[in-house]
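J.: A single structure is presented below for examination.
The values are calculated or read from the model by the stated rules, or taken from the named source; none is laboratory data. Just so it is clear, the structure is predicted and the values come from calculations on it, not from any experiment. When we count neighbours, we look across all protein chains shown, and the Cβ atoms used for this are built from the backbone with ideal geometry, even at glycine.
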Amino acid sequence: GESVGLHLPTLSVQEGDNSIINCAYSNSASDYFIWYKQESGKGPQFIIDIRSNMDKRQGQRVTVLLNKTVKHLSLQIAATQPGDSAVYFCAESNPTPLVFGKGTRLSVIA
Amino acid sequence: GAVVSQHPSRVICKSGTSVKIECRSLDFQATTMFWYRQFPKQSLMLMATSNEGSKATYEQGVEKDKFLINHASLTLSTLTVTSAHPEDSSFYICSARDGGLAYEQYFGPGTRLTVT
């Protein structure tokens, strides 16, 4: 099946700055997208989701943007903190089982 | 709400033995459960989907006779790795879908399997 891919396997950000993590998806039939955070040795932790009838959704310090034209998803983290250091995955569904992208490791520099 | 637990969190077994991993939905009924495998520095790869009371559907390349999945109740699914080999060492993560919600998947904390 088609899979979700990610740009930039690693991202280093200064504490307090904003982070932007990108994701390209290839299945145009996907209509639900989620961002997960995974810390070492733990399961994925839900961050935020968005359905295909939206192009932006905001949570606490996080925003997800969806561009269906170019099949692109991004996660913006405002005022990045050391506790945000983790691997971030995007995932898609329609509503098949979630398919995960490769992941981006976010490192926050204090 | 929507808590999924796994047991054990870590297990070490000898090559050739079998090991069972349990996945439970604690506060909801999971009509569908999913098993993922994650190798170091890689993403989660779907192994199989199980619906309560029916046989699991395995992804291409996953041996159904090696990875036995049982979803006997709405709150419990088990994954048994039979005749484990060192290459089966991985992080196994289960996920459950609430019967009333089509999209949301809730993930367990994972089980680290090491085969010596």
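J.: Considering only the stretch A:23-45, I want to know if a residue exists there that is loosely packed, with under 13 Cβ neighbours inside 10 Å, out of contact with any Lys or Arg (no Cβ under 8 Å at 6 or more places or on another chain) and basic (Lys, Arg). Break it down into steps so the answer makes sense when it comes.
T.: Taking the stretch A:23-45 first, the residues loosely packed, with under 13 Cβ neighbours inside 10 Å are A:28-29, A:39-41.
From what's left, out of contact with any Lys or Arg (no Cβ under 8 Å at 6 or more places or on another chain): A:29, A:39-40.
So of that shortlist, the ones also basic (Lys, Arg) come out as none.
No, the stretch A:23-45 has no match at all.
J.: Tell me which residues, restricted to the stretch B:61-70, are away from every other protein chain (no Cβ under 14 Å) and in a strand (DSSP E or B).
T.: B:67, B:68, B:70, listed by residue number.
J.: Listed residues A:38, A:60; which is in contact (Cβ under 8 Å) with a residue 12 or more places away in the chain and within 26 Å of residue B:3 (Cα to Cα)?
T.: A:38
J.: Taking the conditions exactly as written (surrounded by fewer than 15 Cβ atoms within 10 Å (Cβ to Cβ) and in a strand (DSSP E or B)), does residue B:48 satisfy them or not?
T.: In short, no.
J.: Could I ask something else about it? Kindly indicate whether residue B:78 is among the polar types (S, T, N, Q), assigned to a strand (DSSP E or B), more than 29 Å from residue A:10 (Cβ to Cβ) and at pLDDT below 95.
T.: no
J.: For the stretch B:82-89, does any single residue satisfy the condition of being charged (D, E, K, R), surrounded by fewer than 19 Cβ atoms within 10 Å (Cβ to Cβ) and not in a strand (DSSP E or B)?
T.: Yes, that holds for at least one residue.
J.: Moving to a separate point now. Which residue pairs have Cβ atoms closer than 6 Å, lie 6 or more positions apart in sequence or on different chains, and pair a first residue in the stretch A:80-106 that is at negative phi and within 11 Å of chain B (Cβ to nearest Cβ) with a second residue that is polar (S, T, N, Q) and not in a strand (DSSP E or B)?
T.: These pairs meet every condition: A:92/A:30; A:94/A:30; A:98/B:105; A:99/A:3; A:100/B:43; A:102/B:43.
J.: Determine whether the stretch A:89-100 contains at least one residue that is hydroxyl-bearing (Ser, Thr, Tyr) and either exposed (fewer than 14 other Cβ atoms within 10 Å of the Cβ) or modelled with pLDDT of 95 or more (or both).
T.: So far as the stretch A:89-100 goes, no, none of its residues is hydroxyl-bearing (Ser, Thr, Tyr) and either exposed (fewer than 14 other Cβ atoms within 10 Å of the Cβ) or modelled with pLDDT of 95 or more (or both).
J.: For residue A:56, state whether it is charged (D, E, K, R), modelled with pLDDT of 95 or more and within 27 Å of residue A:110 (Cβ to Cβ). Before you say what the answer is, go through the steps one by one.
T.: Working: charged (D, E, K, R): yes; modelled with pLDDT of 95 or more: yes; within 27 Å of residue A:110 (Cβ to Cβ): no.
Answer is no for this residue.
J.: Output the number of the condition that residue B:94 fails; it satisfies all remaining conditions of (1) within 12 Å of chain A (Cβ to nearest Cβ); (2) surrounded by fewer than 19 Cβ atoms within 10 Å (Cβ to Cβ).
T.: Of (1) within 12 Å of chain A (Cβ to nearest Cβ); (2) surrounded by fewer than 19 Cβ atoms within 10 Å (Cβ to Cβ), only one is false for residue B:94: (2).
J.: From the residues in the stretch B:97-116 that are part of a loop (DSSP other than H, G, I, E, B), facing chain A (nearest Cβ under 9 Å) and modelled with pLDDT of 95 or more, which one is surrounded by the most Cβ atoms within 10 Å (Cβ to Cβ)?
T.: Ranking the candidates gives B:108 first.
J.: Just for the stretch B:67-80: of the residues that are within 19 Å of residue B:4 (Cβ to Cβ) and aliphatic (A, V, I, L, M), which one is surrounded by the fewest Cβ atoms within 10 Å (Cβ to Cβ)?
T.: The residue in question is B:72.
J.: Which members of the stretch A:16-71 meet the condition of being basic (Lys, Arg) and outside any strand (DSSP E or B)?
T.: Correct list: A:42, A:61, A:68, A:71.
J.: Ok, one more. Of all the strands (runs of 3 or more DSSP E) wholly in the stretch B:1-41, which have at least 1 residues that are under 11 Å from the mean Cα position of the chain (by Cα) and within 18 Å of residue B:64 (Cα to Cα)?
T.: B:19-25, B:30-38
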